[in-house]
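Nothing in this text is a laboratory measurement; each read-out follows from the coordinates by a stated rule. Computed from a predicted model, the values in this text were never measured in an experiment. Quick reminder, even Gly has a Cβ in these numbers, built from the backbone with ideal geometry, and neighbours come from all protein chains shown.
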Amino acid sequence: MKVLAFALALGAAAPASADQAAVCAGVVECRAHTETAIAQGDHERAHDLAWRTVQQGPRNDRALMFLLGRTQALSNRPDDALVMVRRLADMGAIVDVSADEFARMRDLPGWPAVESLLAGVATPPPAAVAVPVAPKRVAEAAVPKVPAPKASASARSESGELRRDKPVAPPPPMLPVAVEDAGHFTSGDFSPGGLTCDAVSKRFVFGDRPGRKLMVVAEGSDHSIDLTRADVAGFLDVTALDIDTTNGNLWVASAEADGRGATLHRVQLISGRPIASFNLPETLAPAIPVDVAMSSGGVLVLDALQHRVLILRTGASSLSVLAGLGAAAPLSLTASRQDGVAYVTHRDGLLAVDLKTRAVGSVTGPKTEPLSGIERLRRYGGGLVGLQTLPDGSRRLVRLTLDASGRTVTRLRVLDVPIPSGPAAIPLAVCGNTLGYLLGAPATSTQLPGTAWTIRRIQLNP
């Protein structure tokens, strides 16, 4: 297998601090600093510099993408490296990932499929076999051949019927974005139960489902702090949360794994002090809350067990049913205080729920880009951002532009960042003009065994 060629430019010494590491003038200098950081064994700084290099270089530059994949592998991001190598294989690039630095990537369950793609790229098609042609008689050769009429974008089947071939849809546009690590921590038994962020205190707040608690990580921090626990707040398995930015409170949903005891908790954001709890009435039980969203009508809760949207209306003392979703098994919910509609994703598409009339309708999208498989969804500006799983199992972050009615997606764009495939949940949170998401990978430290969790942050342009 041939190695994807890329120049190793060696330059001046890299900046001394992590903040300075991401600042370099031009792609040549950034690339040189990246290689220097790799040689020095400073793989985290090399990863930051590689991102900077890709952002400044030509779009879809294969050499720079491979450099980024290499630093992802070296900095204990094997899932990201696998996504990058797969992208290169899809582009037809021949890359060599047999080195030890890619060993953990090759141990991932998704590696065999990517390995097959690489093998297909590296194996040239069989050479055409020359077939001898008998010499033609002069009279036959002199008779001009009348070409058969061509049917545009059509062909004939074996039965002779004219068959129209479907045009190949172009891929959706890729949206370049800046990505950074906003914080990280290591835990042995943590499983995410929602993510949100507080722009004022510059903290990320997330639920620990099995730990039945809320945790916070400050921007740039390398550890988490417990905000409040079950013995104080009365949590069951924490499944979802959202911030009410108007009064600085957290709304947290919890329940037993089978849906018993579903409760909506109101918690003070700064201190973690529990303020109130709203149990689901027995007549509506059980419920498995999987998402929470603030809206113009109150606090919305998505129930995946009975396929419905619940609401705690402003001033109410108990939850009620806002709308049923029929057979659609819901995945995620989002809304805002500025409009009267909530959006619910399910396996096969996207629904809009009118908060006033309680009507539920399908959201249509571009013909070439189905809205199925969006497992997490968040409101941003006049549109939506989400995490989508494609039929082949790959994942991507997408931005959806809505029309004036909010019932039609007029444009789908893919955020140009690698997202690991697999069943692991990846919670999302919009914070101002940024999108945060949480990724986990096996920890390499012998002192802190478990899973290393990283909060990634993307700058969202208007």
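A few comments on the model shown:
- Summing Cβ point charges (Lys, Arg +1; Asp, Glu -1) relative to the Cα centre of region 181-236 gives a dipole of roughly 200 debye.
- Working from Cα pairs under 8 Å separated by at least six residues, relative contact order for region 18-122 is 20 percent.
- Here the convex hull built on the C-alpha positions of region 379-462 has a volume of 114 cubic angstrom per residue.
- Binning the C-alpha pair distances of region 174-459 at 5 Å intervals from 0 yields a P(r) profile of 1, 6, 13, 17, 19, 18, 13, 8, 3, 1, 0, 0 %, listed from the shortest bin outward.
- The label point for S277 and the one for L175, both projected 7 Å from the Cα toward the Cβ, are 4.0 nm apart.
- Each Cα pair under 8 Å and six or more residues apart adds its sequence gap; the mean of these over the residue count of region 174-459 is a relative contact order of 16 percent.
- With R₀ set to 56 Å, the beta-carbon distance separating L284 from N60 gives a calculated FRET efficiency near 0.65.
- A simple spin-label model places pseudo-atoms 7 Å from Cα toward Cβ; at R358 and A404 they are separated by 3.0 nm.
- Of the residues H223, H33, the one with the fewest other Cβ atoms within 10 Å heads the list, and the complete ranking is H223, H33.
- Shape call, region 283-327: gyration tensor on alpha carbons, a/c limit 1.5: prolate
- Size of region 18-122 as Cα extents on the principal axes (Å, biggest first): 39, 26, 17
- Radius ratio Rg over Rh of region 174-224, counting only Cα atoms, Kirkwood formula for Rh: 1.03
- One Cα centroid belongs to region 239-258, the other to region 57-77; the line between them spans 37 Å.
- Among G373, Q388, G432 - extreme Cα towards positive end, dipole of region 370-454, charges at beta-carbon: G432
- Contact order, relative form, for region 295-395: 19 percent (alpha carbon pairs under 8 Å, 6 or more residues apart, mean separation divided by residue count).
- Hypothetical label at T245: residues of region 173-204 whose amide nitrogen lies under 15 Å (7 Å Cα-Cβ projection): 196-204
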